[in-house]
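Values in this text are rule-based calculations from the coordinates and carry no lab data. Since the structure is predicted, the reported quantities are computational estimates derived from the model, not experimental observations. Note that we place each Cβ from the backbone using ideal geometry, even for glycine, and neighbour counts take in every protein chain shown.
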Amino acid sequence: MLNTLINLRKKKISKKRVGRGIGSGTGKTSGRGHKGQKSRSGVSLQGFEGGQMPLYRRLPKRGFTSIFKKNFNSINLMQIQNLIDKKKIETKEKITQELLLKKKIIKKKLEGIKILGRGDIKSKIIIQVQKASKNAIKKIEKIGGKVNIVKAINNKKKKNNNLEKDNNLEKDPIKKKNKDKIKK
């Protein structure tokens, strides 16, 4: 009885070694059959269903990706309280995006920071953010803290090429005459 017990944790199933002679059952062509696309290396026909209309083509297209989407670093009140408890942030300090980047709490400077109201906060804090949920503002102000909402500054400059072209036309008198003719 004891000699038939097997320790399942230690039992190790070795991987199938293909292409090791005809006696193994997976020798010569390694179980891939003869010739053809599927027998070659580096071929995996993703989504191919044998000629049947594949799933990704049977389902309709839906939605789109907005080009105006803004990404924010979202932080919950619970996370802020944990940082205060661990003494990574002092309650006297004004919490800003620059401070959180400096202390390596957030990794990237996105469009700004958004404070969310999950969890409770016990410490009185002054925080400067780009967005905050109503619940988070209510909880912070209930304790006696303050939330300063600042507009996000876009570093991306938009160039209007048409304005530059018009300015160049006004400087050059020959082109200006042509422009006047076109308007008439």
Practice task
Specify whether the C-alpha gyration tensor of the range 73-149 places it in the rounded, prolate or oblate class, a ≥ b ≥ c being the square roots of the eigenvalues: rounded for a/c under 1.5, otherwise prolate if a/b is larger than b/c and oblate if not.
Solution key: oblate
Exercise for the section: Past 18 Å, Cα to Cα, is the threshold; run 104/131; 92/114; 88/131; 92/122; 70/108; 70/151 against it and keep the listed order. Expected result: 104/131; 92/114; 88/131
Fill in the blank from the handout: Sorted by chain and then number, the residues having a modelled amide H within less than 5 Å of the amide H of residue 146, at least 5 places away or on another chain, are 125, 126, 127
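For a quick check: sort 129, 43, 147 by the number of other beta carbons within 10 angstrom, fewest at the front.
On the way: 129 23, 43 9, 147 18.
Least crowded to most crowded, the residues run 43, 147, 129.
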